[in-house]
Structures are given as C-alpha cells and as structure tokens.
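Okay, so here's the structure we're looking at.
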Amino acid sequence: MAMPRDIAQKWVDTNQASLTALSDRIWELAELGLQENESARLQEEYLRSQGFTIESGVAGMPSAFVATYVAGSGKPVIGFLGEYDALPGISQKPVPYKEPREEGAPGHGCGHNLLGVAALAGAVAMKEAAVAGGVSATIKYFGCPAEETLIGKVFMVRDGVMDGLDACLTWHPGATNSVWSNSSSAMNSVKFNFHGRTAHAAGDPQNGRSALDGVELMNIGANYLREHVTEKTRIHYATTDGGGQPNVVPAKAQVWYYVRAPLRQEVEEVFERLVDVARGATLMTGTTFDMEFVAGCYNYLPNKAMGRLVHENLKAIGAPKFTDEELAFAIEMEKSFPANYREIMMRNPHTPRELADQRLNSTVLPLRDDLPPMAGSTDVGDVSWVVPTVQFSTACAVIGTPGHSWQECAASGMSIGHKGMILAAKVLAVTALDLVLDPAKLVEAKEEFVAVTAGQPYKAPLPEGAKPPLDLLSKVKKG
Ligand SMILES: [Zn+2]
C-alpha cells in the first residue's frame, strides 16, 4: 500500500495542470482585498468538487470562507491558510520587463494567487491521502481575504473561525526556499479625522480653525515621538485629506497612521502616546479629532517544532529545478533591479552566503534561529497567537525581486511562480500528514505554543464591535 505522504505528493503532480490554471485565473482577475469574490468562488468550487463542505461569507466578509473535510475520527483538526487579494496599480504581463496588462490596474504583486492555490492544494492532497486510508483528521482550508490591509484573518480569529484547530500551516511566495523562523511586527492602522471651522482664509481667518493645522502639528509631534521609542518601532503616515483650496480654512482633514513594533503590547503603548500627540494638536489649533480604526494585528510567533518539520520536508522534496528559459527570464529581469542590488543584498549579514551566485534559488536554505524580526506585518500573526502555526517560502521569484512589485507580479503569472507553488503544496500536505501520523510531533508543537504564549492570552486588536471595512478599497482604480 502506498504511503500517505506519497499519495499526497502524487495527487499534486497529477493535478498540476488544474492547479496552475486556477492560479493563473486568479492572477488575471487580480481582485483587491474584500472584493475578491470571484477568486473566492473559484476556490470554493474547486474544493466542493473535491468533497469539501463550504461555509461562505464567514466573519462578515463575503470573500472569506471555510472548506472542511472530515476523515475518520475527525481528530486532530489541521488548518491551511490561503489568500487571494491583489495590489492596486501593479498590473503586469508575465514578461521580464515592465509592461502592464492594463495601465494602473491591480496585479498580483505579492503572489497571493499562488499562495491561495498551494494552500488549497495542500488541503486536497492531504484529503486524498486520508481517503486512501489510515489518516484521521478534520482538514480545514481557510479562504482569507484582504491580507494586504491586514484585515481578513484578524476578523476571522476574533469571530472564532479558527477555534478548535490543533495546528495551522501556511506559506508565502518568496525568492528562496526557507522556513520563516523570525517574527514580524505587530501593527495598528488608524485614520485620524480632524474637525475645525471653515472661514475665508484672508477675509476672516480669526474665525477659522484649521483641521489641516491639526494634522500638520500632529505629524510634527509624531516625528518628535520617533526619537523616544525603541529602535524597531516604525511610525509612518500619509495625509489622506488636506483640505480643498488655499482660500478656504479646511474644516476637515485626515491623516492615516501605521504604528509597528515587535510586540503587540509595545504597539499599544506607542499608539496611546500617538493619540496624546493628536490631542495636543487639537489643543494647539482649537480643533477636535476622532479615529477610524482600520486594522491591527499581532506579531507572528513562528512555531519552531513545526518549522523543523517543514525544513526536513523542503529538503526531502527538493528545491524547484529551473530551465534555461527561466534562467534567461531571470537574467533579463535583473536588468530592472538597481545596478548594485546584489552588493547591497550580500552586505546584509543575514543573507545566506549561498545566494551570492544564484539568480533563482535552487537550494533549500539552512534553518535559522538568529534572525531579527521582519519590520513588515502579516495577519498570520493573529492566527499564530491562537494555534501553533508555521509559515515558509518557496522560490517563486528572481532573487532580488522587490516586494509588492511588477517583477513579482510577472513571476507569479508564469512557470517560475508555478514551480514554487507546486513545491509549497507538497510541503504543506506532507507536513500536515507528519503531524497527524506521528502524534508526538503535534504534541511537541502544542507544548511549545503553550510555553511561548503562557500568561499572554490573545485579545483581538480591534475596537469593541468593529466590523470589517468592506468598502476600504472600493474607490481604488480597477482598470
Ligand atoms: Zn503577501
């Protein structure tokens, strides 16, 4: 009798064409966060045809869903996280030079078309192994919308959609085959609305109270605050409404802030100080303010026990092999990177030395335990605080590809991205099977989780009663 691990991998190989077609279709659709309804429906259809039960529109989001398959006793419960949102303005053809499919339209510049399909394929491949016998588990695939705005999983976790999981697996397209063994930043994303009083800016300025002055003084305060926070804290803002025209004292103005730090607690502390800064700005300007909480998330807690399993499986299955055509694509694309990008990349002491002479990563990078937290944020963080979670990347793009770029969009829509996706699907399936077939491995992951989260129960970063901001990106150009 074939082994479950082999059955799962064989299923992925046999179904490579339909998986690639699904990924390419979602790549073409390139739907923005909370509007990925068609992408979600395509995934639901695929999973339904594979015997999964679908629950659509979970946690108040039409493009969020859960697909479930119960095998045997239904224990343990294993989750796979998928995403499918695109980014505004990154439309690109699958070619190694900049050429949009449609100028200014969204594109998959973060490879979430690959992300979702590989996670879906991991879940189905695991189910195939279960159907063949000897595997008991509940297999859940979570269709998670709006990762780019850090919304989907935060609301899903708050609403208990992930409750009852024993372990959770995900991945992210990258330029290397490696386990994410470092944390990420926790974050708050909040818009500050200032309210003043309009007046003729020359005729009776004494009667005006400028909301824009409030925004400007808040920004100045925030820029001083910057000096008295920890080194890893990041504060960034964009003025999203600065008034209409100079001769009208603006009665309304808005500034949008992100606050990031390595720990959730730290974000909350710095954010409180930022709110004080806003308060100070209103005192100085005779204005008032209120806040719109857009999103917040936790830092990512990498489960090391599961990380070791993923690393073993990456090595056992092996890095993708790239053809001469793919290498030529990489060489051509490299021309669009800054001339000294390789030098800059290798200057970073954390860059593995073996990447110095690779364009497409054809090795599995060593498991690291010494990496500083990433400055960026992910809503996988929130999942990782309620269930042991592992995340890794596979080589889906040319080494040196900037994040959220046309270059990443291009690779995500052609064979380089497809190869990484297929590897990820297999690694997800066999790692999940390892956890189920060797209960000691799952116990180890859970014990680590309990130890790391002890005394720090998850508390949703959202304000009481918050609803998903379904129209957040509704005004962005769709092409
Ligand atoms: Zn992403």
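Report, to the nearest whole %, how much of the accessible area of segment 42-195 belongs to carbon and sulfur atoms, 1.4 Å probe, protein only. Could you put the intermediate results ahead of the total?
Values: 1920 of 3980 Å².
Taking all protein chains in place, segment 42-195 shows 48 percent carbon and sulfur surface.
Determine the relative contact order of segment 191-297: mean sequence separation of Cα pairs under 8 Å and six or more apart, normalised by residue count, in whole percent. Numbers along the way, then the final one.
Values: 199 pairs, mean separation 42.5, N = 107.
Relative contact order comes out at 40 percent.
Per residue, what accessible area does the chain have, given a 1.4 Å probe and all protein chains present, in Å²?
Numbers: 19360 Å² over 479 residues.
Spelled out: the 1.4 Å probe surface of the chain, per residue, equals 40 Å².
Going highest first, how would you order 3-11, 295-303 by mean Cβ packing within 10 Å?
Working: 3-11: 20.1, 295-303: 25.4.
The packing order, highest mean first, is 295-303, 3-11.
Please state the charge dipole magnitude for segment 191-297, taken about the Cα centre, from unit charges on C-beta atoms (+1 on K and R, -1 on D and E), reported in debye and rounded to the nearest 20.
For this selection, approximately 120 debye.
What full-extension length gain, to one decimal in nm, is calculated for D163 and S49 as 0.36 nm per residue of separation minus the Cα-Cα distance?
Working: separation 114, 0.36 × 114 = 41.04 nm, distance 2.54 nm.
Going from the current span to full extension adds 38.5 nm.
Take the alpha carbon gyration tensor of segment 347-479, find the square roots of its eigenvalues, order them as a ≥ b ≥ c, and report rounded if a/c is under 1.5; if not, report prolate when a/b exceeds b/c, else oblate.
Working: a/c = 1.68, a/b = 1.10, b/c = 1.52.
Oblate is the answer for segment 347-479, as a/c is 1.5 or above yet b/c matches or exceeds a/b.
With axes computed from alpha carbons, what is the tilt in degrees of helix 37-49 against the longest principal axis of the chain, rounded to the nearest 10 within 0 to 90?
20 degrees
Of V270, L212, Q245, which is farthest towards the positive pole of segment 191-297's charge dipole, taken about the Cα centre with +1 and -1 on the beta-carbons of Lys, Arg and Asp, Glu respectively?
Highest projection toward the positive end goes to Q245.
Taking K98 as the anchor, which aspartates and glutamates have their alpha carbon closer than 13 Å to its alpha carbon, excluding any fewer than eight residues away along the same chain?
Here the aspartates and glutamates satisfying the reach criterion relative to K98 are E332, E334, E408.
Amide H neighbours of V294 under 5 Å, at least 5 residues apart or on other chains, H built in the peptide plane: list them.
HN-HN under 5 Å from V294: S189, V190, K191.
For helix 211-225, report the angle its Cα long axis makes with the longest principal axis of the Cα atoms of the chain; keep it between 0 and 90° and round to the nearest 10°.
Compared with the principal axis, the helix lies near 60 degrees.
Mind checking which of T230, Q254, M284 is farthest towards the positive end of segment 191-297's charge dipole, using Cβ charges of +1 (Lys, Arg) and -1 (Asp, Glu) about the Cα centre?
The Cα lying farthest towards the positive end belongs to Q254.
Given contacts defined as C-alpha pairs under 8 Å and at least six residues apart, what's the relative contact order of the chain, whole-number percent? Intermediate results must be reported in sequence, preceding the final value.
Numbers: 1107 pairs, mean separation 116.0, N = 479.
After rounding, I find 24 percent.
Starting with the highest mean, order 387-399, 184-196 by the number of other Cβ atoms within 10 Å, averaged over the residues of each peptide.
Packing proxy ranking, top to bottom: 387-399, 184-196.
In whole Å, what is the distance between the alpha-carbon centres of segment 110-125 and segment 171-193?
Spelled out, the Cα-based centre of one part sits 18 Å from the other.
Report, to the nearest 10°, how far helix 439-453 tilts away from the longest principal axis of the Cα atoms in the chain, using its own Cα long axis and a range of 0 to 90°.
20 degrees
Need one word for segment 191-297: rounded, prolate or oblate. Basis is the Cα gyration tensor (sqrt eigenvalues a ≥ b ≥ c); a/c below 1.5 gives rounded, then a/b vs b/c decides.
Working: a/c = 2.74, a/b = 2.34, b/c = 1.17.
Because a/c hits 1.5 or more and a/b exceeds b/c, segment 191-297 counts as prolate.
The values are calculated or read from the model by the stated rules, or taken from the named source; none is laboratory data. Owing to the predicted nature of the structure, the values given are computational and were not obtained by experimental measurement. We place every Cβ from the backbone using ideal geometry, glycine too, and count neighbours over all the protein chains shown. Surface accessibility is based on the protein's heavy atoms, side chains included, excluding ligands, DNA and RNA. Shrake-Rupley method; radii C 1.70, N 1.55, O 1.52, S 1.80 Å.
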